[in-house]
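Everything on this sheet refers to the single structure shown next.
Coordinate-derived values only; no laboratory data. Bear in mind that the values here come from a model prediction, so they are computed numbers and not experimental data. As a convention, Cβ positions derive from the backbone with ideal geometry for all residues, glycine included, and neighbour counts pool all protein chains shown.
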Amino acid sequence: MMSGVCNAKDNKVINAVKTQPDVASYIKRALETPTNQVIFHQMPLDSLCGFAGCESRVLVNVMVSSNSSNAPVTSKLVIVSYMDLNDDLAPKVQLTFLK
């Protein structure tokens, strides 16, 4: 089960994270265990708006938890930087993985 997606702008950020090969394989491995769930948490870091549009950065935590007893919680932290020039266009995304 995956959760954590809230609105259209959040969808763009979460979908960008989900499509990255490292994250996609992390999610795939996590969901091989039926009791695992994947949850996305995001926190805006900063944004800067100018003549050409707005550039934003968001910290996304891809967290895997389980409802089994004493199961560990693991996570992958990603910073998503994107330039949102128009609400109709998908943002240009650059990902940075934190270790």
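Annotations for the structure displayed:
- Scan of region 7-46 for residues that are hydroxyl-bearing (Ser, Thr, Tyr) and within 12 Å of VAL80 (Cβ to Cβ), ordered by number: THR19
- With respect to the stated conditions, VAL38 is assigned to a strand (DSSP E or B) and touching a residue at least 12 places away in the same chain (Cβ under 8 Å).
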